[in-house]
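The values are calculated or read from the model by the stated rules, or taken from the named source; none is laboratory data. Keep in mind that what you see is a predicted model, and the values were worked out from it rather than measured. Note: ideal-geometry Cβ built from the backbone for every residue, glycine included; neighbour counts use all protein chains shown.
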């Protein structure tokens, strides 16, 4: 059998020092905010399509592709009550969306797994925590984007749009392409209503949407999160001050996320540096009626950015 | 900070430059064979690239904006913002076969071979139609493939259909309409949405 070596990043001295420093800074921050670290196994207990696999004798082993799922398997099995704040750090192995992306990616992140009464508090805490991240890694000029996949999921559910079409609609809306949303809904009796809704999301004008009545709750959640973030940002005028953007058309991941979503960007970055949001559907699937939200910071992408644009960092650890 | 806009080479690029050439986002100097020139708008530079490459430059946030055919965009399927359908370079991505051969004839073939440059888009269409076929990837002169026995039919861009007729082929099924799209790097849009929206509106207005 031929040995395949996809793009795994080797880190040399400077990169390793930078990577370890960031990992430590962020872990300390999370610990200081009450997040307890867990380390789920590098080997997943189940397999899914697209997982990076190894051969072990007669067996196939799936490598950890995502911390959220790895943690959910672990926590749902080991805990009777929602464990609250948890954090993690380590590598995940994913088939890249683009050939230049590495297969092995380093991440640090947090999850807040609670009962229904703590959902709002957890969302607010997470957005405040994400806003602290750029200062920890010395990155300036960052933007945090808030979205809500729920603003699309509910109308698609009401109109009974098939999953494949719904996925296409979400993709094109997230890419700000209403003309493509129109194409994707060819033949659907709900086409005119959903395209009108897409236009409203792009304009940030939910009140004019044909589904405005059904979306009040989801929209209010997003606005609450925005208010908390604005209050946190207004106090910070330093070099690491973050710009906040709300994009109601950011509905990416609508099949997974059920509430507000967060993304961390920097100028010149090809990809988001951090991402997350509320996903209340995962734990019930594992038999636990828990609510969950979190975000992860993609250290591999931060390392790439520091190599390509060191001027974006106030200090680059070496 | 200088911002890069990528314009396509070829027919779509010619059509675009005809419309946009005298606007603020036209080249400030005659590009000749240069691949990078300043635009009239201060702080903006233009690069001229082939479709598939152009998508990569925007996807990696090297160029903040770009104009590219939806054919090239669909083949890459990357996470870039598609801000407008400019309606330029309109044509169709179609299945064409030798005269007298219908889509039904092709679907009944035990081993259908389709020559195309557009492998991803063709495969999606085949999946939707429930047809299986061997895709023969070619990059140019696709129309020759059926006549020389390399494929039973082709999937290629059709504008007037004259090249097809001259090579004994007929368009039998339109897979999708193709036109020039204005795309933006997600990172660039997030970093400065006002500037990107302003430049995008200049391009949309000039190319109308």
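Does region A:107-116 contain at least one residue that is under 30 Å from residue A:210 (Cβ atoms), touching a strand residue (DSSP E or B) at 6+ places or on another chain (Cβ under 9 Å) and within 14 Å of another protein chain (Cβ to nearest Cβ)?
Looking through region A:107-116, none of the residues is under 30 Å from residue A:210 (Cβ atoms), touching a strand residue (DSSP E or B) at 6+ places or on another chain (Cβ under 9 Å) and within 14 Å of another protein chain (Cβ to nearest Cβ).
State the number of residues belonging to region B:162-208 that are in contact (Cβ under 8 Å) with a residue 60 or more places away in the chain, surrounded by fewer than 19 Cβ atoms within 10 Å (Cβ to Cβ), within 14 Å of another protein chain (Cβ to nearest Cβ) and in a helix (DSSP H, G or I).
Selection size over region B:162-208: 2.
Please go through region A:165-191 and pick out each residue that is within 22 Å of the chain's Cα centre (by Cα), away from chain B (no Cβ under 12 Å) and either crowded, with 21+ Cβ neighbours inside 10 Å or at pLDDT 95 or above (or both).
A:166, A:169, A:170
Quick check: anything in region B:122-135 within 14 Å of chain A (Cβ to nearest Cβ) and either part of a strand (DSSP E or B) or surrounded by 13 or more Cβ atoms within 10 Å (Cβ to Cβ) (or both)?
Yes; the residues of region B:122-135 include at least one that is within 14 Å of chain A (Cβ to nearest Cβ) and either part of a strand (DSSP E or B) or surrounded by 13 or more Cβ atoms within 10 Å (Cβ to Cβ) (or both).
Among the residues of region A:241-249, are any over 24 Å from residue A:139 (Cβ atoms), more than 12 Å from chain B (Cβ to nearest Cβ) and part of a loop (DSSP other than H, G, I, E, B)?
yes
Within region A:143-161, track down each residue that is surrounded by fewer than 17 Cβ atoms within 10 Å (Cβ to Cβ) and either over 24 Å from the mean Cα position of the chain (by Cα) or at pLDDT 95 or above (or both).
A:158, A:160
So if I check each of A:102, A:82, which one is part of a loop (DSSP other than H, G, I, E, B) and farther than 25 Å from residue A:22 by Cβ?
A:82
All but one of (1) at pLDDT below 90; (2) farther than 17 Å from residue B:185 by Cα; (3) within 14 Å of another protein chain (Cβ to nearest Cβ); (4) under 13 Å from the mean Cα position of the chain (by Cα) hold for residue A:254, so report the exception by its number.
Tallying (1) at pLDDT below 90; (2) farther than 17 Å from residue B:185 by Cα; (3) within 14 Å of another protein chain (Cβ to nearest Cβ); (4) under 13 Å from the mean Cα position of the chain (by Cα), residue A:254 fails exactly one: (3).
Residue B:83 versus (1) farther than 17 Å from residue A:175 by Cβ; (2) in a strand (DSSP E or B); (3) within 11 Å of chain A (Cβ to nearest Cβ): which is the lone unmet condition?
Going through (1) farther than 17 Å from residue A:175 by Cβ; (2) in a strand (DSSP E or B); (3) within 11 Å of chain A (Cβ to nearest Cβ) one by one, residue B:83 breaks only (1).
Collect the residues in region B:19-47 that are closer than 11 Å to residue B:7 by Cα, in a strand (DSSP E or B) and in contact with a helix residue (DSSP H, G or I) (Cβ under 9 Å, 6 or more places away or on another chain), keeping them in residue-number order.
B:27, B:47
Can you pull out the residues in region A:273-306 that are within 14 Å of another protein chain (Cβ to nearest Cβ) and either at pLDDT below 90 or outside any loop (DSSP other than H, G, I, E, B) (or both)?
A:274, A:275, A:298, A:301, A:302, A:304, A:305
Considering only region A:257-272, state which residues are within 13 Å of another protein chain (Cβ to nearest Cβ) and more than 10 Å from the chain's Cα centre (by Cα).
A:265, A:266, A:267, A:268, A:269, A:270, A:271
So residue A:72 ticks every box in (1) surrounded by fewer than 21 Cβ atoms within 10 Å (Cβ to Cβ); (2) more than 15 Å from the chain's Cα centre (by Cα) but one. Which box is left unticked?
So the condition that residue A:72 fails would be (1).
Considering only residues of region A:131-142 that are within 16 Å of residue A:232 (Cα to Cα) and buried (at least 24 other Cβ atoms within 10 Å of the Cβ), which is farthest from the other protein chains (Cβ to nearest Cβ)?
A:133
Every residue, every condition in (1) touching a strand residue (DSSP E or B) at 6+ places or on another chain (Cβ under 6 Å); (2) at pLDDT below 95; (3) more than 14 Å from chain A (Cβ to nearest Cβ), yes or no:
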residue: B:51; (1), (2), (3): yes, yes, yes
residue: B:66; (1), (2), (3): yes, no, no
residue: B:79; (1), (2), (3): no, yes, no
residue: B:109; (1), (2), (3): no, yes, yes
